[in-house]
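J.: This is the structure I want to talk about, given as structure tokens.
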2 protein chains.
Amino acid sequence: MRNYLFLLFLVFTSFQSHGQKSDDDAFFIKEIHDYTLAAGECYDWLHHLTKNIGHRLSGSTTYDQSVGYASSILSEMTLDKVYTQECEVDYWIRGSNKVSISYAGAEGIPLNVVALGRSKGGNGVPITGDIIEVKSLDEVENLGKAEIEGKIVFYNRPMDPTQLRTFNAYGGAVDQRVFGANKASQYGAVGALVRSMTTSIDDVPHTGSSYYEEGVTPVPGLGVSTQDAEKLSELLKTGKVEATIISDSDDAGKRPSYNVIGEIKGTDFPEEIILVGGHLDSWDVGEGAHDDGTGCVQSMQVLKTLIALDYKPKRTIRVVLFANEENGLAGATEYARVSNEKGEFHLAALESDSGGFTPRGFSIDGSKDVLETYAKAVNEWMALLEPYGLMLSTGGSGADIRPLMNQGGLLIGLRPDSQRYFDFHHTAADTFEAVNKRELELGAAAMTSLIYLIDKYGLPKVKG
Amino acid sequence: MRNYLFLLFLVFTSFQSHGQKSDDDAFFIKEIHDYTLAAGECYDWLHHLTKNIGHRLSGSTTYDQSVGYASSILSEMTLDKVYTQECEVDYWIRGSNKVSISYAGAEGIPLNVVALGRSKGGNGVPITGDIIEVKSLDEVENLGKAEIEGKIVFYNRPMDPTQLRTFNAYGGAVDQRVFGANKASQYGAVGALVRSMTTSIDDVPHTGSSYYEEGVTPVPGLGVSTQDAEKLSELLKTGKVEATIISDSDDAGKRPSYNVIGEIKGTDFPEEIILVGGHLDSWDVGEGAHDDGTGCVQSMQVLKTLIALDYKPKRTIRVVLFANEENGLAGATEYARVSNEKGEFHLAALESDSGGFTPRGFSIDGSKDVLETYAKAVNEWMALLEPYGLMLSTGGSGADIRPLMNQGGLLIGLRPDSQRYFDFHHTAADTFEAVNKRELELGAAAMTSLIYLIDKYGLPKVKG
């Protein structure tokens, strides 16, 4: 609360000290919003990306199509540069996945499941075991081999519905998905089922990355819909439940993939790069709309809007659509490696990867010193952004831009309203229809406004 | 902006001056949110209201069923009083409505339309006329009888997409729907088509109230989907377009209807009433989910939450679910009449009738003097509500509580995020599925928090 009041105080004092400058900026920020809401193209781009291309798993042909499509949009904007940057990704094949359960009086009842990303099945050979329900990774350790061996571990700790920001609830539960199969295998289990990462009770199972440590025998990991997780938990109270997993998910080697990059060279400080981006890959379910088609089209809209309004940036504004955020971060890693090698400096990087919902503000990321300096600088502008319902907070930026932290620039995440995100995240329901045009556009306009202010006024340089 | 800064300043100073009091309140407001998000019943109630009952036009049997259902929910809460209050409503029958157009090379192409509320058709006798497109009521006056007589007037001024708050865009366009058929008839037109009230371009036509002045010959008025409005406008650029309207919408006399009321009597100041409510009726399309099933179940949730948390109100807290907001306001009028007759005093009234979306704050309503006094009082609490993303603004409360303004109490509207509202408002798309559980619950929790603060600390009394 103290920090929050400090921010309010800064807003109050900073706004008073400006004058004409603020008026001009307020006018241009209004123009940005008017253009985006009345003539923005991002919703149409998203339609093509989701409906004509679809989901875009790293290494898939649809991913490659999306690289072509995004490059073509950027090429039509007459930027100073549009190019792709190669990286190498692990290709994973979902294959076919089924889980059925048997219990007193019933045999072979199917569960609503989806294989977790990177899960390795048993080449389609049925795996059978009694189900044991746990609430945490620690519980598996505590139960030990005696209780776990030969069984299928069912992780069923729900996301906490009382968290106002759903991402916090996700953060408090997702260890089950990421490490659940690995931990189960370490104690001799033959498979893992994980309650889906959502506070909704519905029949849509969620995928997402999982991970096996080196030397651990991979056992299949599958996400179970929350509705089926609740039913399964009830059944387990009445007696023994046996599950059979048939899964042939598997790794399929390395493939080349690509970041898509476009930039407008700055007139005065071309060496100061302001990055705006999202990730172009998605899981291979749904259409990768909110995760993260929206972030990609919003980022491209930022450049399009600035060009349409005839704004000539002083600094280099670069859009980056990253490859492979979902299962490896190879795109982000390669981007940062090359950038460091070239001695580049990212003054700021803004990622939109929290869904295309009504923007509520920005979150900034970094060490305590960096945060304090930047919070002070950005607060100079917040009075201009608050009429649009935007607030500044700390606590995360984006997985793709974090590798740039060592350059000491400001890392920013767009913070949309988070209430609906986990209705769609990593599921078949993450489709174009789940995105509202105005909400998407307001997010793009918020991003453009902040990029404009950073470009116009610059930022203090701090070493991270 | 000046007012906004004043509010910020008040927040800042008022928060500093409190201490223990704020801590206790912050704790209870957190409890309100936790309970509503983890155990709130409003989403289940909404499911029953929309799926088992459905839309609820004034005077319909489904409206009466909803009176029974809401009464039963309130009765189970062991309030001090639960009752219904009779009023008399105009019953209107939509009947069957069709519009087809003919133009060079095409005959009888259907348009996607819905009769406007209270529209009177021609008893099903076809009405034919050339279409004339206008952008305003004034344009009809300026064109005059010479251009309008015998024609079908097509009002096609879109809602302004650059308005941040969609209700402002609605306010700038809705005169076409309310007065369009009436104005057209005054100049001799035989019917009116009105572009639907949404910034979306889609195939969902919108209904909503319309109105004939006494002495004006009623001609049918129909809402056209925005997609068809755009197409029709393009066609009209190429030449003559003739329309045939077949409609038998009509008035069907008076019927009894009912407000549903429940209250907890205050322990210390029972004569100070704090009202919380929404309207139980809806248009006869869709399921009346966002308009205004959500406001009704949120209002009932307020009482349920306070009871569950064992809060004993000092003042009388009364939930009112109003009849007939959509086409007559008979419920609100009768409620205020009886209240005034009894000499009651509503210290505050809070209506939720802007959809069940993420709450962004509250808006207060009244004369300048009243607003200033109340804004100052409510701002004392805003630091407690801002962590939940809630801000205070002026500019409207709710149609059902406005008749209470003469009592001089504070009138408040819940302000949810408005971006998606006109995707659903008055359409077949306003269904349960369009409501997110958490967004609905957060609205209910915001309402409960403010009602709690008003009850605990009271408000200065001002004559309106």
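The values are calculated or read from the model by the stated rules, or taken from the named source; none is laboratory data. Just so you know, these numbers come straight off a predicted model, no measurement behind them. Here the Cβ is made from the backbone with ideal geometry for all residues, glycine too, and neighbour counts use every protein chain on show.
J.: Just give me the residues in the range A:348-376 being out of contact with any Phe, Trp or Tyr (no Cβ under 8 Å at 6 or more places or on another chain), farther than 26 Å from A:T427 by Cα and surrounded by fewer than 24 Cβ atoms within 10 Å (Cβ to Cβ), in sequence order.
T.: Answer for the range A:348-376, where residues must be out of contact with any Phe, Trp or Tyr (no Cβ under 8 Å at 6 or more places or on another chain), farther than 26 Å from A:T427 by Cα and surrounded by fewer than 24 Cβ atoms within 10 Å (Cβ to Cβ): A:D365, A:S367, A:K368, A:D369, A:V370, A:L371, A:E372, A:T373, A:Y374, A:A375, A:K376.
J.: Considering only the range B:155-169, state which residues are in contact (Cβ under 8 Å) with a residue 40 or more places away in the chain and either part of a loop (DSSP other than H, G, I, E, B) or within 8 Å of chain A (Cβ to nearest Cβ) (or both).
T.: Passing the criteria: B:N156, B:P158, B:M159, B:R165, B:T166.
J.: Moving to a separate point now. When the residues of the range B:170-194 are narrowed to those that are in a loop (DSSP other than H, G, I, E, B) and aliphatic (A, V, I, L, M), which ends up surrounded by the fewest Cβ atoms within 10 Å (Cβ to Cβ)?
T.: If we take residues in the range B:170-194 being in a loop (DSSP other than H, G, I, E, B) and aliphatic (A, V, I, L, M), then B:V174 is surrounded by the fewest Cβ atoms within 10 Å (Cβ to Cβ).
J.: Here's another thing I want to ask about it. Of all residues being closer than 22 Å to B:L164 by Cα and part of a loop (DSSP other than H, G, I, E, B) in the range B:401-426, which is farthest from the other protein chains (Cβ to nearest Cβ)? Just the residue, please.
T.: Looking at the filtered set, the residue picked out is B:H426.
J.: Looking at the structure I just gave you, is A:A446 within 13 Å of chain B (Cβ to nearest Cβ) and crowded, with 24+ Cβ neighbours inside 10 Å?
T.: So A:A446 passes the test.
J.: Right, here's the next one. Across the range B:14-58, which residue is modelled with the highest pLDDT among those that are within 13 Å of chain A (Cβ to nearest Cβ) and not in a helix (DSSP H, G or I)?
T.: Here the answer is B:G40.
J.: Can you tell me which residue is farthest from B:E263 (Cα to Cα) among those in the range B:67-92 that are in a strand (DSSP E or B) and of a type in the set (A, V, I, L, M, F, W, C)?
T.: Per the stated criteria, the residue is B:W92.
J.: Give me the residue from the range B:353-400 that is on the phi > 0 side of the Ramachandran plot and in a loop (DSSP other than H, G, I, E, B) and, out of that set, nearest to the other protein chains (Cβ to nearest Cβ).
T.: B:G389
J.: While we're on this one: Against the conditions (1) in the same structural domain as B:L309 (by TED's automatic domain parsing); (2) of a type in the set (D, E, K, R); (3) within 24 Å of the chain's Cα centre (by Cα), where does B:K120 fall short? Just the number, please.
T.: (1)
J.: Evaluate the range B:196-208: report whether one residue or more is in a loop (DSSP other than H, G, I, E, B), closer than 21 Å to B:I148 by Cα and either not small (G, A, S) or not assigned by TED's automatic domain parsing to the domain that holds B:A106 (or both).
T.: no
J.: Are any of the residues in the range B:59-66 under 30 Å from B:V204 (Cβ atoms), in contact (Cβ under 8 Å) with a residue 60 or more places away in the chain and assigned to a strand (DSSP E or B)?
T.: no
J.: Something else about it: Name the single residue, out of those in the range A:133-142 being in contact (Cβ under 8 Å) with a residue 24 or more places away in the chain and within 23 Å of A:D228 (Cβ to Cβ), that is surrounded by the most Cβ atoms within 10 Å (Cβ to Cβ).
T.: The selected residue is A:V140.
J.: Which residue pairs have Cβ atoms closer than 8 Å, lie 6 or more positions apart in sequence or on different chains, and pair a first residue in the range A:93-117 that is free of Cβ contacts under 8 Å to residues at least 12 places away in the same chain and surrounded by fewer than 20 Cβ atoms within 10 Å (Cβ to Cβ) with a second residue that is of a type in the set (S, T, N, Q) and in a strand (DSSP E or B)?
T.: From residues that are free of Cβ contacts under 8 Å to residues at least 12 places away in the same chain and surrounded by fewer than 20 Cβ atoms within 10 Å (Cβ to Cβ), the pairs are A:I109/A:S100; A:I109/A:S102.
J.: Might you check whether a residue that is among the basic types (K, R) and in contact (Cβ under 8 Å) with a residue 60 or more places away in the chain occurs anywhere in the range B:36-52?
T.: Scanning the range B:36-52, I find at least one residue that is among the basic types (K, R) and in contact (Cβ under 8 Å) with a residue 60 or more places away in the chain, so the answer is yes.
J.: Across the range B:326-345, what is the number of residues that are closer than 27 Å to B:R177 by Cα and of a type in the set (V, I, T)?
T.: Within the range B:326-345, residues that are closer than 27 Å to B:R177 by Cα and of a type in the set (V, I, T) number 1.
J.: Check the range B:90-105 and report whether any residue there is more than 14 Å from chain A (Cβ to nearest Cβ) and modelled with pLDDT under 95.
T.: Within the range B:90-105 (the criterion being more than 14 Å from chain A (Cβ to nearest Cβ) and modelled with pLDDT under 95), the answer is yes, since at least one residue qualifies.
J.: Of the residues in the range B:273-304, how many are part of a strand (DSSP E or B) and either modelled with pLDDT under 95 or of a type in the set (V, I, T) (or both)?
T.: Result for the range B:273-304: 3.
J.: Within the range A:299-325, how many residues turn out to be out of contact with any Leu (no Cβ under 8 Å at 6 or more places or on another chain) and within 21 Å of A:W283 (Cα to Cα)?
T.: Residues meeting the conditions: 2.
J.: Go through the range B:265-290 and give me each residue that's among the charged types (D, E, K, R) and either in contact with a strand residue (DSSP E or B) (Cβ under 9 Å, 6 or more places away or on another chain) or outside the structural domain of B:T427 (by TED's automatic domain parsing) (or both).
T.: B:K265, B:D268, B:E271, B:E272, B:D281, B:D284
Quick grid of which residues meet (1) assigned to a loop (DSSP other than H, G, I, E, B); (2) assigned by TED's automatic domain parsing to the domain that holds B:D64; (3) surrounded by fewer than 24 Cβ atoms within 10 Å (Cβ to Cβ):
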position: B:S257; (1), (2), (3): no, yes, no
position: B:E263; (1), (2), (3): no, yes, yes
position: B:L306; (1), (2), (3): no, yes, yes
position: B:I317; (1), (2), (3): no, yes, no
position: B:N324; (1), (2), (3): yes, yes, no
position: B:R337; (1), (2), (3): no, yes, yes
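J.: Quick check on A:E439: is it surrounded by fewer than 19 Cβ atoms within 10 Å (Cβ to Cβ) and either in a helix (DSSP H, G or I) or not hydroxyl-bearing (S, T, Y) (or both)?
T.: Judged against the criteria, A:E439 is not a match.
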